[in-house]
Each structure stands twice: as C-alpha cells, then as structure tokens.
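First comes the structure, then the notes that go with it.
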Protein chains: 2
Amino acid sequence: MLNEGGGIRVWYDDYTTIDWIHDYVKERVRIRKLHSIKGIRGWIVTSYDGLQGWVLVFLIGIVTACFAAGVDIAAEWGSDLKDGYCTESLRLNRNFCCANITNNGLDLNDDNKCDKWNSWSQAIRIHDESDAKLFDFFAYVVVALLFATGSALLVKYNSLYARPSSKSSARIEDIEPKRKELKPYAAGSGIPEVKTILSGFVIRGFLGIRTLWIKAISLAMVVSAGMTLGKEGPFVHIACCIGNVLSRLFHKYNKNEGKRREILSASAAAGVSVAFAAPIGGVLFSLEEVSYYFPSKTLCRSFFCAIVAAVSLKLIDPFNTGKIVMFQVSYNKDWHVFEIVNFLILGVLGGLFGASLCKLILLYTKYIRNRTWLKQWPVVEVMMVVVITAAVNFGNKYTRMSNTELIFGLFSECTNEKEHDGLCDNSFNGMFEAFYLLGLALISKFLTCVITFGIRVPAGIFIPALLVGACFGRMLGIVMQYLTMTYPDFPIYSTVCNQNINGDCVIPGVYAMVGAAASLAGVTRSTVSLTVIMFELTGTLTYVLPIMTAIMISKWVADGIIKHGIYDLLIDLGGHPYLDSKTEYDGANTTFTTTLDLCQRDLEVIDVNDLNTIGELKNKLKKLSTSGYSDAGFPIVDNKILVGYIASTELEHALSLAHGSDNLTRCYFKDENVIDKSANFTAYVNQAPLTISKNASLEIVLELFKKLGLRYVIVVDRGQYVGVINKKRLLIYLRQITGKDMNNML
Amino acid sequence: MLNEGGGIRVWYDDYTTIDWIHDYVKERVRIRKLHSIKGIRGWIVTSYDGLQGWVLVFLIGIVTACFAAGVDIAAEWGSDLKDGYCTESLRLNRNFCCANITNNGLDLNDDNKCDKWNSWSQAIRIHDESDAKLFDFFAYVVVALLFATGSALLVKYNSLYARPSSKSSARIEDIEPKRKELKPYAAGSGIPEVKTILSGFVIRGFLGIRTLWIKAISLAMVVSAGMTLGKEGPFVHIACCIGNVLSRLFHKYNKNEGKRREILSASAAAGVSVAFAAPIGGVLFSLEEVSYYFPSKTLCRSFFCAIVAAVSLKLIDPFNTGKIVMFQVSYNKDWHVFEIVNFLILGVLGGLFGASLCKLILLYTKYIRNRTWLKQWPVVEVMMVVVITAAVNFGNKYTRMSNTELIFGLFSECTNEKEHDGLCDNSFNGMFEAFYLLGLALISKFLTCVITFGIRVPAGIFIPALLVGACFGRMLGIVMQYLTMTYPDFPIYSTVCNQNINGDCVIPGVYAMVGAAASLAGVTRSTVSLTVIMFELTGTLTYVLPIMTAIMISKWVADGIIKHGIYDLLIDLGGHPYLDSKTEYDGANTTFTTTLDLCQRDLEVIDVNDLNTIGELKNKLKKLSTSGYSDAGFPIVDNKILVGYIASTELEHALSLAHGSDNLTRCYFKDENVIDKSANFTAYVNQAPLTISKNASLEIVLELFKKLGLRYVIVVDRGQYVGVINKKRLLIYLRQITGKDMNNML
C-alpha cells in the first residue's frame, strides 16, 4: 500500500506530466478541421500544415550542424592551446596554422615540421630540455585547469539563473515551484533528462535557449581541457534544445506537447548524426535508446533531420579534411574463423569493463560525491579532477594525445607509410612497450572516467567507453600478433597464417575496434544502433559479424552484472520520473492485488448535482495545486456514477472565461441542469475519460500508461467512481515495489 | 452506419484475431508463478524459462541459413542449367565445375576457358554457329519453362492439400471453416500475409511445415527459371515458417500467440539477413516494415537471430566465395558536391519508377489478372510469363545474365583489370551501345516485372526494383561520364574534374547504386532499413549521404503518386484484415460521431441473474460460431451493468469441464449466486474487461486497438452495457469510411 503521508507529496514536483492521448486527439481534431476547408484554400492550408514539420526538422538539422561545427572548431583550437600556440595568429589551431605544410588535411605525424607552431616553452625561450618539458607540463595543466574551471563556472552561473528563463517551456505558468533548488541543467550528458522528457514529462528550462548556449560553450571548453569525457551526450542535449527552441516558431508544435516530442526525437537523431558523423546511427540511437514513442512518421522525420545535419556538417567541413567519418580505417583483410574465439573474449571483456564502469560510477556518485564535501563544491571538484587527469595524461604518450586521436591511432592498421607512435613496432621490445603503455592508459582512462562522469560540466560517456575498449582490444591484438609471429606453426592458425610473413595474420586495429564496440555495449546496452554507429565511425563494413557478436556477448555479460545501462541508472540516480517501457515490473514481492490499492480515493470530485459555485471551484483548484498533483484534475460524478473528468488547466480556463467573477455564481457540468448558459462548463469536460475496472491487474494498468501515454486513468466499480491513478503516483508505487532506495531520489 | 446484413458476416472468416493484452497478462502471470518458486529449483526453472527464447532464435537462425544455402545452391545450379551442363557431373554448377580453373572463387570473365562446361548445342554437337545459337535459345526457353511450370504446379499442389496440414497452427480447431476456397499460400512474396499475422491475426496453415517446404523448393525452381523476381520476400516467409514450426518445441511460445509473434519478428530479420547477407538491415526491415509491435526485447532477439543466421551462412559458404556480401564494390573516390543534383534526379526517377511499378502491378492485377481467364489458369499464366521473359531476356547480353549478375555488373566500378561486358568501353560508340542496351534492359525488366509479380509462384520485389534502378542509374552515370569527358571545361565540374584524364571524374557504378536504392525506396517506402541494406549489399559506406538523400526524395515523389508502398497495397488487394498503425483515418467524409455507431448492439449477452443452463450456453456458442465472429465472446451483465466478459474459447473450456453434461444444469457467473460449485464459471470470466464510454471518439478507439492490440472493447454508458466493438468489425468499418473497393476483397 502506498503511504498517503506528506512525504510523497513533494516528489516529482518539478515535473509536469503531459497527456499523449489528449494531445493526439487534439491534433486529430485540428487536422480534421483543416481537411474540412474546401477548394484551393483548403489545399494550400493543408499543404502548408503538412510541410511545417519538414521545414522545422530541416532548420533543426542545419542549426545543429552549425552548433556542432562551432563546438568542434573551438574544441580543437582549445585542445591545441594546451601544447602551444600559432605564431601567425592565435586564432589558428595547429592544423590550420601548419596548413600550407600538410595540405592534404590532418596528418598527425608531420607536426614537428611546422615552424609556425610554438610550444609554450619555446614562447618564453626556455632552452634547457628538461626545464622546457617541465614548463610545458605546467602550461598543459594550467591551460586545462583554466578551461575546465571556466566551464564549471558557466554551468554554475546557468543554474543560478535558470528559473526566470524557463517560463517559455513551462506548461502551467501560474503555479510557482515550491522548492528553489538550483539545477545545473547544462551539466552531464543530458540524455537521462531527454529520455524523461520524451517519456512524457516537462522539465522546465531544461531545453531552453539559455541552457543551449551555456551547454555548447562549456562543452567546447571542457573538451579542450582534455578530460576523459565525450561530446555525444551533450550534442544530443544541444540538438534537443535547438529542436525545442525552433519548434516555438510553429504553432502546431509549440502548443502540442505530444507533437513536440516527435520533433525532439528527430533532433536527438541529428545530435548523434553530427557528434559522430553517423546519420543512420543517430536515427537508430534515437529510436532504440532515447525515444519513448516512435511512430513511423517520426522515423522519416528523424531520417531527414539526420541527413540534413550530416550534409550540412560535411559542407561546413570543420576539420578541414573533406570527410565526416571520424576514425576512417581501411582494413584490407577479412577475418579468420579462429579469431571468433578472440572476438568472444573481447565481448566478455567489454561486458566486464562496461558494467563495472557503470557500477563504479554509480557507487562513486552515491557514496563519495553525494556524501562528502564534493557535493557542496562542484567547481572545486571539477578543478581537482582536471588537474588529476592532466597530470596523469601528460606522462604517457598515448594518453597525452586527445581522446579522439588515441582512438583513431588504436583503430588504425599498420601500413608501411605510417608510424603510429610505436603501435606498429613489431620487435618484441616494441610490442612489449606498447602493451605496457596501453595497459597504463587503460587503467588511467578507466579511473579518470569514473571520477569524471557526473561532475558538473557537460560530459558524455561514449568516447571514454570507446577509449577503454580500444585499449584492451589493441592489447589483445598485440598479444595475438606476438603469438602468430613467434609460434607460426601453432595448429589453430598455422593453416590460415602461413602465407603471411610479416606478422600481419591478425590486424590489431580490428581488435581495438571490436573491443571498443563491446565496451560501449557494456555501458549503454544498445545493440543495433551501436553496431551501425561503429560502421559509420570507421567507414568499414568488413567486420559486421565480429562486431555484432562481441556486442551481443558484451550485453549479456553486462546484464548479468548490473541490470540496466548507464542512462537508466542515471535516471534512477537523478530521481527522474520515468516509466520504463523495457522493464517488466513483476511485483512478486508485494501484496498488490488490484488497482484498488493503487488509486487515490481521497481526491476532490465534482458532483454535477452540487451547487458548484465559482468560489468553491477556485478553492478546489487551490487545494489541488498544493497537493503535489497540480497537473491533475477532477473526476465528475452524478450520483456516484462517473460521468466525466475535467483537467485542472481546463477548469482554470473555463473559470477565467466565466464572466461575472462573482464567487457565488453556480457552474454547470451537466446539460440538463443548466440555467445560466455563461457558466455551462460541459464543453470543457472530457465526456469519455478512460476507465478501468477496480478488478484490473497491475499489468493492464501499466500497459495502458506505457503504450497510450496516459496522464491518469479512473478506477470504477460497475460504473461507480472509485478513485484515480495518475502517472506520478504510479511511478512512486513502482519505486516502492521494486525496492529502490528512496534516499537518493532528487 | 455499418450495415448489419448477411454480406459482411463472411468477411475475414479465415482470420482469427488474437488478444495481445490477454496473452501478455497470461504470460506475466506465468512468470510471476515461476518467480515465486524458491531456492535453487526456482533459479533453475526461471533460468531455463529465460533461456528458451534465446535457444529458439538460435535454432531459427541456423535452420534459416541452411534453407537459404540450399535454395541458393539449387538456384545457381538450376540457373546455369539453362545454358548448359557440366560434363564431369551433372550435379555441379558452372562455378564448381570450373573450380580448378578459377580457384579464387567466382570469376565471371573466365567462363570461356572452362572446357568441362558444355552448352546444350555442344551437347548434341551442332557445329553451325547460327544453328547452335538458335538451339541454345530454345534450350534456354525450354529449361526455364520446365522450372517455372514445375514451380507453379508445386504451389498449386500445396493449395489443394493445404487444409489438412494446417490444423497445428489453428487456434480454434473445432469450428470448421465455412468456405473451402483454396489458397496458394506458397505464392507471392508472403510479406503482406506475414504483416497481417504479426498485426494480430491467425491465418491457418500459412506458416505451416508444408508451406515451408513447398515455398523453398518452388522458389529455387522459379529463380532458376530466370524470371524477373527476387527471393527476399519468400525468404522472409520461409524464415517465419521456420520460426513458427520451431516454436512448437517450446510450450511457452506454442501456447501464447502474442509471444509467438515476437519470435516471428526475429525470424523475419533472419530471413532478410540470409537473403541479402544483411543482418542489421534484416533487423531494421523487420522493425520498420514487417512487425507491428516491436518491444526492446524483440529487438535484441532479432539482432541475435540475424547474427546467427549470417554467421551460419558464412560458414556454409554456398557460393564458395568466402564472402557473404552480395554486390561487393570498392569505390576509391568520394563524391563531388556538383553531383548532388544528379543524386536528386536519381531520387526523383526512383520515385517515379517505383511508384509506377506499384501502380501498374496494382492495375494489372485488378483489371487483367483478376478479370480475365488468367484468374482460372494460374499455371498457364506462369508458363506464358516465363516464355515471354526468357525470350525477351535472351536477346540482350545484359538481361541474359542472371539478375544478380547484372546488378553486380552495373554497381561495379571500371578498373583496368576487368572488362564489364562493354560497360567500361569509354569510346563514344561503346558508351552509346551500353546506354542503348541498358535502356532496352530497363524497359524489358520493368514490364516483365509488372506481369510477373503476382503470378502464383514465390516472388519477391526487391531484386526487380534494384534492377530497374540500377539500369536507369547506370544510364545517367554513362551520360555524366560522357559529358565530363567530352566537355571537360564546363564550369560546374571543371574545377573538381580537371586532374582526372581518363573520364573517371564520376563513377557510373555509384549512380547505379544510388538509382537502385531510390527505385527500391519508391516501391517499398522504407527508409532506414533500406539504407542499411544497401550498405550491407555493397559493403561500402562512402556514399551514405547520396543514398540517403536519393531515398528520401524518392519516397516523397512516390508518396505523391500513390500513397502506400507495395506491401500495404498487396494487403489491401489481398483483402487481409490489417489495422495499419501508420495511416491516420481522419474520417472527415463520414457521419461518425461516437462509438455508439460502431459497436454491435445485437450480440448475445449473459445475465448473471438468468438461469444460464448448459444447454442454453451451448446454443449461444453455436449461434456465435455461425455469426462470423467465432473468436468473440459474451459480455456478462448484472441488471444491465457490465460486470465481465467471457471469451468463447473460455466458455467452451468451462463447459467441457462442467461435469454432468446435463443440459439443464445451471451455470453461475456471480459468486453470490452459486449453489452448485461444479458449475461456477466465475473463474473463467474476465472480471475487468476494457471498456470505453459511448461518447469516446473514433481516435481513442483506434489508439486502443492499435497500441494495445485488443481483440474487443466493450462500450458502456455510465456503467451500463451498450455493445461491443471487435477488431474485425472495426476494420470493416474503416474500409467503408476510407472508401476502399469492396469488390476486390478476397
């Protein structure tokens, strides 16, 4: 049984539920009205109406690409600034600074030849080599620290001023939030909140224009700082902000929360599309991971939005490479059957690393960040983490390069022309050194990711997860390479390898790629979208089957260790109200039998036969607004028989229109009773609210809420009103029966 | 208003609806029972139960791959048999026959060097060249005719004997079908029927073991005959048959129609996975095009099933190439910005061709096949079509090769080593000839596709659509190549092309690929799944953006010409009951106001206060079974107030258990009334049937049926029983308001 005390009433106060089915019906009625317009005008009006959605997602695609390009350019410039500056112009990053030398785009190995680029030690003319190195190290740490601190302060500044700007996305604006807790909306990946919003809640200000700017700027700064975090999650958030802001231009989407969520799903696709140059992967990520309802029209829109974003980004060409594929590889060999075992091992490792990353992040946040002084001093925490990260990274040649450079290096095959920072040295010592350093990189990236993820700056988990996976994958690849070179006659692989002389029977880069996919699968538990994102990231399809197999195995292993992926864990941790459509609540450990235990029976109702004066109704509304269910409404009964339901917003509207604000005027909810037509509220009453029998099982209630996106359902017993189940209450109940720790909520 | 006459009662008689939500609740109850078992035994039982689904899809993947490999091998052998035979052994196809010469797998251009392969004219030693050619032509046509006729006869044979074998998949076995119309279940692509089944209907025998064998064998024969048809649709059907047959092994899936549909969705993914070696594309095709409900667990299962199928197929290696990518290309150049215009043109052309293909197939079927003698003589029609196809194909070197060989040739880039049957001749004459012949091929393939699709042999639409698109794409590619070679200084492309001397500024193969994708999009209207299938078919990702753009444009153009894709058109044409979750029925042209008009009010009800004797109940059941709604049930009322619902199957079951089959025994539906416990039927009554107010709008009713998969919903007015809306009736109503031609139904 649910406790009815005061404790539960404040939960989820910041969230307003939306009513999908109500919004859906509203939209259908609007469209039917449009269709009824005859002739050429009707055709024009209908066409314009149909076109709006496409125009909107087109705009979203372009704007998202611009933001992404801006962040990319700024982050690259900032990243390089840690090492030095361009003597020609401080505005140039290393690539553009040295552009006339390396004209064919990004070429990492020609850095030394560039004279225009000065390290900081060169700038102040330190000639002693060890002094120079030490100074460079300090400069590196200081610049990283400056960027990270700036980012953290920006996020904090935003949270201080978040309230006033959030009005535009609020649904019920006249009811003041009771608690003034400040939310750093620009921090973190944003995906858990986006998921919550898409599942049918309103979080005020989270997708506002201020959050958009702050998140974009602070993301560029924090990526520049070289911390162990990615930009995919924040890009999804940024794209959703853009979608939300731009949809204000179109009345159809601005006034319909249900329709607007279709646009937000498409925006999320555009976000991934530009983050990883993965348009298809973006659509699938939005479908598989982020969205709640995904009708086929949304699929098309998302597809279009993702194309527009990717094409725009290609035309803007922020990296000056002419390509949008991030980690382009061109493996020239297929895999051998004996390697399946290795891919299975990578799958298992990926599952272990992914799940333990999830678990450690959860434990660190729960028991260290939230219970020590760190909670009060988020900016200090960021400064601490960035100093640790920078110090650790500087010592190892692999971690010192930017995260994306390292991933690219690990994925690459060894061809004769390139020297990949010692990764392709086939001597025993070279391999041992690479193995050893990668091991250190693995540990440092893994641990810094644990302490980084969750600090109050924009931070995604994709890149760290890829990094960890690529490290252990490449390590296994090096071991395999060593084995095939040293023991070429070993029966398992001798038959397929004997024609190869240079130890290139296996490609270590492939192992890095498969490992990265497996690790990411362990963290997010996505399958299809992840596979496609891996293809699009690397531009290769030869390794479909190994990647798919490793992802599947990793998912199983990780599911065995911790049941949910990182986003669902963060939703729980953040205390967001989210009715997970994937989880089955079996309720085996409860005394739940029927909906009777679940519904609220002490709600105010309106009896059509009562003298419902304006004053009384206003009182009822006031009571409701202080009860924690301000987005609910009143069941309407006639001799105990349920005859309708009026939402509080509708009642407010009706009351505001009832002329003569005399508090004693009687209002009517039943046509037969009406005497004074001006106070006839029957038009505002939902005459056919969805009802459910008091004998119905929890499963049916859940199905109704999950699949129809209801805000409430009314419980009846043979036609008589019994009570109301609303979504927030249902969620609180589910938290109770699944035994989730209540202390960590909010 | 719906006419209540006898006419509508026989519609959809062959289809039984399933009740998703009922099946879902049943499953949850079963699982809760399992979870309540304590200790080690509980753990084992639960684990075994959870494992079943994975084991099942694993088996399905392997068996599907075996069937696919069998069909592939047989079809290749049969295809080659049209041209000649292997002197070493008649069992070998040309590739294997000549294997010791072309050891590196399939090499189309070395055919002439193979001595062991005899053409038919060589076999009977005709030495005169023109005579030999004539004889070869006749042999070609005769072999094709034999294969196709065999296939058509097999399909017909199956339809004659379909009934007796179909029992196992029937739900209600004791009610005899009223009409004995014979259904050629193995004919066509099968996807429309699979969609109908997945949307919640039962079509008896359609997924039976006999259909499986007949479809596989006749598919191999008809592909051998070289007709303009593909194997993707039939493979989906075959995979679903395998899924259905194998799920009989597991009680959990055999007895739960809802759960079984999850397995069928996964099977469909495996079908595409083996048809095109496109595991990810398969999952997405199942998700986007075939399935109705696709919960996240099904996504994982489908993913796994598709991997297992693809890996198995790679290990079986039916083509002896070591690869599973069908049309592997390796373009070495990125696209230029000026080419976007061409890709847009290809998109428009694809939309035009795709939509007109749909439209012509529809018109041909409606007005020629169904209204002339062809309807009565399907086998003769097949014979006629195959002779026309073979005769037309033989004359043109491009059409003479098998469909897949032609597509592969058109997709390929021109490298120096290969001579692609004149496609790479860069002289004006060479280009003109290729253009001319491809134009002829385009026309012949397009027209033969129109007359082929819909004949009574297994036939998919993917390959013909790809063919048509590849032809016009390559033609545009040749034109562009000619232009860039002849006018190298034309401003639009001179800057990007001037460094290229050999006319390889554009790659005609890319145009063929983009055209193929666009044409397929025009036919099926898929977006995401199609893009991924194109990647996996060609193994290249460089052209993501052109392909996506062309697909999007093509879909828009095609939607403008004819609103639905081929599968939805075929569902309509076949008269299958399908509640399309994509279409919005706006009902603007009807007088529909409330559910009151829609519900059946003349149904038999059971009043708990009546003397419901066994005899009376049996009578009611009998009446119901002859009413065309044999899968319905009875509302249970108590003084007009609705208190429950009993499904006819449940009532039958209860009656069969009520001991003492004395027809005068009273049965009880209300606990308080019970005197004789043996006839207490309350346990069989659904105490909480879903109800809806008589004031509810059509939109809400549709949402309930679409999203929850209901079989029926009960209309109430303030608690009092009014009537029942069941799914079949709703579908008939929707057909009426959308004005679909009733004469073509069944």
Seminar exercise, completed: Considering residues that are open to solvent by 30 Å² or more (accessible area, probe 1.4 Å) and on the phi > 0 side of the Ramachandran plot, the number found within segment A:418-460 is 2
Exercise. Taking segment A:524-544, which residues are within 17 Å of residue A:346 (Cα to Cα), in a helix (DSSP H, G or I) and open to solvent by less than 10 Å² (accessible area, probe 1.4 Å)?
Worked result: A:524, A:530, A:531, A:534
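Does residue A:215 qualify as being surrounded by fewer than 23 Cβ atoms within 10 Å (Cβ to Cβ) and not in a strand (DSSP E or B)?
no
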Problem set entry | In segment A:313-350, the residues that are of a type in the set (D, E, K, R) and at pLDDT 80 or above | A:314, A:317, A:339
For this session: Scan segment A:632-661 for residues that are open to solvent by less than 30 Å² (accessible area, probe 1.4 Å) and among the hydroxyl-bearing types (Ser, Thr, Tyr) and report the count.
Result: 2
Exercise. Pairs, please: C-beta under 7 Å, at least 6 apart or cross-chain, first residue more than 13 Å from chain B (Cβ to nearest Cβ) and in segment A:255-280, second in a loop (DSSP other than H, G, I, E, B) and open to solvent by less than 10 Å² (accessible area, probe 1.4 Å)?
Worked result: A:257/A:18; A:272/A:278
For this session: Determine whether residue B:413 is touching a Gly at 6+ places or on another chain (Cβ under 8 Å) and closer than 25 Å to residue B:492 by Cα.
Result: yes
Exercise. Considering only residues of segment A:535-555 that are among the hydroxyl-bearing types (Ser, Thr, Tyr) and more than 9 Å from chain B (Cβ to nearest Cβ), which is nearest to residue B:283 (Cα to Cα)?
Worked result: A:543
Exercise. When segment A:190-212 is examined, which residues are found to be assigned to a helix (DSSP H, G or I) and of a type in the set (D, E, K, R)?
Worked result: A:193, A:195, A:210
Problem set entry | Qualifying position, being touching a strand residue (DSSP E or B) at 6+ places or on another chain (Cβ under 6 Å) and surrounded by fewer than 21 Cβ atoms within 10 Å (Cβ to Cβ), among B:46, B:87 | B:87
Problem set entry | Subset of segment B:595-615 (residues that are buried (at least 17 other Cβ atoms within 10 Å of the Cβ) and not hydrophobic (A, V, I, L, M, F, W, C)) | B:595, B:600, B:607, B:612
Problem set entry | Options B:324, B:340, B:388: the member that is more than 14 Å from chain A (Cβ to nearest Cβ) and β-branched (Val, Ile, Thr) | B:388
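Conditions tested, residue by residue: (1) outside any loop (DSSP other than H, G, I, E, B); (2) aliphatic (A, V, I, L, M).
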{"site": "A:383", "(1), (2)": "yes, yes"}
{"site": "A:408", "(1), (2)": "yes, no"}
{"site": "A:426", "(1), (2)": "no, no"}
{"site": "A:438", "(1), (2)": "yes, yes"}
{"site": "A:450", "(1), (2)": "yes, yes"}
Exercise. Residues of segment B:690-718 being in contact with a strand residue (DSSP E or B) (Cβ under 8 Å, 6 or more places away or on another chain), open to solvent by 10 Å² or more (accessible area, probe 1.4 Å) and touching a residue at least 40 places away in the same chain (Cβ under 8 Å), which ones?
Worked result: B:690, B:691, B:693, B:694, B:711, B:712, B:716
For this session: Any residue in segment B:443-456 that's of a type outside the set (D, E, K, R): show its pairings with residues that are open to solvent by 10 Å² or more (accessible area, probe 1.4 Å) and assigned to a helix (DSSP H, G or I) at Cβ separation under 6 Å, as long as the two are six or more apart or on different chains.
Result: B:444/B:392; B:450/B:360; B:450/B:364; B:454/B:365
Exercise. How about segment B:602-624: which of its residues are among the aliphatic types (A, V, I, L, M) and either over 25 Å from residue B:672 (Cα atoms) or not in a loop (DSSP other than H, G, I, E, B) (or both)?
Worked result: B:603, B:606, B:614, B:617, B:621, B:624
Problem set entry | Qualifying positions in segment B:671-700 - under 17 Å from residue A:700 (Cβ atoms) and not in a loop (DSSP other than H, G, I, E, B) | B:686, B:691, B:692, B:700
For this session: Output the number of residues of segment A:242-257 satisfying the condition of being open to solvent by 10 Å² or more (accessible area, probe 1.4 Å) and not acidic (Asp, Glu).
Result: 9
For this session: Kindly check whether there is at least one residue in segment B:336-343 that is part of a helix (DSSP H, G or I), more than 19 Å from residue A:335 (Cα to Cα) and aromatic (Phe, Trp, Tyr).
Result: yes
Exercise. Yes or no: residue A:296 facing chain B (nearest Cβ under 8 Å) and at pLDDT below 95?
Worked result: yes
Exercise. What is the number of the single condition among (1) open to solvent by 10 Å² or more (accessible area, probe 1.4 Å); (2) modelled with pLDDT of 95 or more that residue B:519 does not meet?
Worked result: (1)
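For (1) in a helix (DSSP H, G or I); (2) surrounded by fewer than 24 Cβ atoms within 10 Å (Cβ to Cβ), each residue gets a yes or a no:
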{"site": "B:226", "(1), (2)": "no, no"}
{"site": "B:234", "(1), (2)": "yes, no"}
{"site": "B:240", "(1), (2)": "yes, no"}
{"site": "B:259", "(1), (2)": "yes, yes"}
{"site": "B:281", "(1), (2)": "yes, no"}
{"site": "B:286", "(1), (2)": "yes, no"}
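Looking only at segment B:307-316, count every residue that is open to solvent by less than 40 Å² (accessible area, probe 1.4 Å) and either facing chain A (nearest Cβ under 8 Å) or not in a helix (DSSP H, G or I) (or both) and tell me the total.
Selection size over segment B:307-316: 4.
Tell me the residue from B:5, B:61 that is of a type outside the set (S, T, N, Q) and at pLDDT below 80, please.
B:5
The values are calculated or read from the model by the stated rules, or taken from the named source; none is laboratory data. Quantities reported herein were computed from a predicted structural model and do not represent experimental measurements. Because the Cβ atoms are built from the backbone with ideal geometry, glycine has one as well, and the counts that use them run over all protein chains shown. Side chains are part of the model used for accessible areas, which takes the heavy atoms of the whole protein and leaves out ligands, DNA and RNA. Shrake-Rupley method; radii C 1.70, N 1.55, O 1.52, S 1.80 Å.
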